[in-house]
């Protein structure tokens, strides 16, 4: 379709044309113009960047993007177009040939070219090895676009690690059920999807009870220790630490504090106070989460920092990234991609202050690609992000930005960004992005809908609390709406029916009465949740399989039985002679038989090499005798309306279970609830 003819002054970079009265030209429309060559002619891809209209004419200002030569390379004009040349609306196939879009097999589907039905695929190999920046003002769709990118990366089973300060990315485990988004996804040949079993969220369970507690290694080199301390040590204080470390064979905070107390210098007390501060953060552990658990093929690990103090966040992220980078250099973990949200807090520009994490993130940006470690920095304040980090980024997704300082920072860090594109960034709509770096020319793209639920939407305070009367009216109607405190299994009823060959008629939804305890062991400040059902009074180890275990009835055991049981737990597997060798009397066999009868011990018999019978005992797995923290659950209580077929009546009271549990742990809080379970009647 002919849009008009070139008029006025023409250069090799810019030109303008008068829009024909019958044409419908739009801002940032792709156009093509014929260029004469030695072999004939070829089309050149251009783009409208501004439209100017007066009472008589409409003129479009354009930029030249380039054309493809015989070798398939994108070339720029060396001679300007002729005045009077016809300007055509660019055809989709011609745009694809110039832009060199990736195929769906090796690319990430980000969205469609603005104004065209052309899918935009970004080359993941290039994307994951040369770093990415996603920049936008608050509310412009930054986290939403990150979610789209993460979905595409997870579809390719690339290991992911997300530093998530606000707890926005746990919703990758849930489907997008927004009807508008579901309809729009169909245009891309996609459906809502949840990555339930592939996303694991870690964090502080004191603030987020549905996460898995994050622990990091307490093995610190001296320079690491000095780096994470909240204040810089003097030369004398560093000397005290080095002196103390010489007497520490197996480093941990308690050993270091003990060694520091032996020093004679009075300067030791300030150092001890700082070490105590590190120990109190609760993240350092002798048994940290294995790095191979955090980074593994097809898995996304979300580090939810919500509720954690900013200074503690810095320490946690620094140690975590440093250990992962060292492990990657030694090829102890697979290549992975790391997303750093609110990057201006973790790697600030030097003029805006310092952060413990700055050095390690600069190292990842400059050296990570050599070892298969890609990073994505996400920020709403580009001007405050370390320029040395932004300069290492090859691909940028830029959404709406209006702050002059942020625009200047983007312009300085993004190669090939024209003044026209820079101006247009301020006018982008929510969900539109300028993508540079991966493709030969900057692209304006409409980001596709997410397959998973968006977790970064703004809370509508006015809608939720329109007036005081309405708010309190909702509270009064709480019981009438049949909102129940429930714990949902990860497997839906539909999936349960498929697995167990059930249907709507023979599958029942049963509510099992339970109580959830918030517990704490006496030798740790970490808290954890335990779930007990109130029918048999058993501990629920897994809400999906409803695997249970019992607590021992300590008050029903004799003193001798308690001593034998304690020793049995230490030995794990033993016979009568082993106990007698430990100092127990000849009548210990009678005690063992009593413990077997009460199901605390299991009896096994086997034939010996001499033909006799060997009788051995072992701890029966029916009972949990220690380390209750290992049985914690990460499921949370939700208040929902739910249709059920049966509500089981409780037999055990909450107080009776609490009394029994209190002998093993400190109970900080408790809540009654129901566990939703499904039963097939065959």
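Readers should treat all values here as calculations from the given coordinates under stated rules, not as data from a laboratory. These numbers come from a predicted model, not from an experiment. Note that each Cβ is placed from the backbone with ideal geometry, even for glycine, and that neighbours are counted across all protein chains shown.
Could you calculate the FRET efficiency of residue 7 with residue 39 from 1/(1 + (r/R0)^6), where r is the beta carbon distance between them and R0 is 35 Å, rounded to 0.05?
0.80
Report the FRET efficiency, 1/(1 + (r/R0)^6), for residue 483 and residue 287, where r is their Cβ-Cβ distance and R0 is 30 Å, rounded to 0.05.
Efficiency computed from Cβ-Cβ geometry: 0.15.
Where the eigenvalues come from the Cα gyration tensor of region 116-218, what are the semi-axes √(5λ) of the equivalent ellipsoid, largest first, in whole Å?
Its equivalent ellipsoid spans semi-axes of 26, 18, 14 Å.
Mind pulling the per residue volume of the convex hull built on the Cα atoms of region 37-152? Å³ is fine.
179 Å³
Treat the count of other C-beta atoms within 10 Å as a stand-in for reagent exposure and order 286, 400, 156, 212 from fewest to most.
286, 156, 212, 400
Rounded to the nearest 500 deg cm²/dmol, what is the calculated helix-only ellipticity per residue at 222 nm for the chain, with -39500 (n - 2.57) per DSSP H run of length n ≥ 4?
It comes out at -8000 deg cm²/dmol, rounded to the nearest 500.
What is the distance in Å between the Cα centres of region 227-291 and region 174-226?
So the two Cα centres are separated by 33 Å.
Can you put 424, 86, 559 in order, fewest other beta carbons within 10 Å first?
Ranking 424, 86, 559 by Cβ neighbours within 10 Å, fewest first, gives 559, 86, 424.
Can you list, largest first and rounded to whole Å, the semi-axes you get for region 2-99 by taking the square root of 5 times each eigenvalue of its Cα gyration tensor? Walk me through the intermediate numbers first.
Values: eigenvalues 106, 39, 25 Å².
One finds semi-axes of 23, 14, 11 Å for region 2-99.
Over all directions, average the projected area of the Cα convex hull of region 189-252 and note it in nm². Don't jump to the answer; show the numbers that get you there.
Details: hull surface 33.8 nm².
Over every viewing direction, the Cα hull of region 189-252 projects on average to 8.5 nm².
Rank these for me by crowding, 117, 69, 204, going from fewest to most other beta carbons within 10 Å.
Least to most surrounded, the residues fall as 117, 69, 204.
Return P(r) of the chain (all Cα-Cα pairs; 10 Å bins starting at 0; whole %; ordered from short to long distances).
3, 12, 18, 19, 18, 14, 9, 5, 2, 1, 0, 0
What do you get when you divide the Cα radius of gyration of region 507-666 by 2.2 N^0.38 Å, with N the number of residues?
So the Cα radius of gyration is 1.28 times the expected 2.2 N^0.38 Å.
Average projected area of the Cα convex hull of region 222-285, in nm²?
On the way: hull surface 16.1 nm².
Across all orientations, region 222-285 yields a mean hull projection of 4.0 nm².
At what distance in nm do the modelled label points of residue 607 and residue 359 sit from each other, each positioned 7 Å from its Cα along Cα→Cβ?
6.7 nm
Can you tell me the 0 to 90 degree angle between the C-alpha axis of helix 142-155 and the longest principal axis of the chain, rounded to 10?
It works out to around 70 degrees.
Plugging the Kirkwood radius over Cα pairs into Stokes-Einstein for region 554-619, at a temperature of 4 °C and a viscosity of 1.567 mPa s, what D comes out in µm²/s?
The diffusion coefficient I find is 106 µm²/s.
So what does log10 I(q)/I(0) come out to for region 336-448 at q = 0.13, 0.16, 0.18, 0.22 Å⁻¹, using the Debye formula with one equal point on every Cα and no solvent?
The computed values of log10 I(q)/I(0) come out as -0.49, -0.74, -0.93, -1.29.
Going by Cα centres, region 148-165 and region 503-523 are how many Å apart?
With region 148-165 and region 503-523 each reduced to a Cα centre, they are spaced 31 Å.
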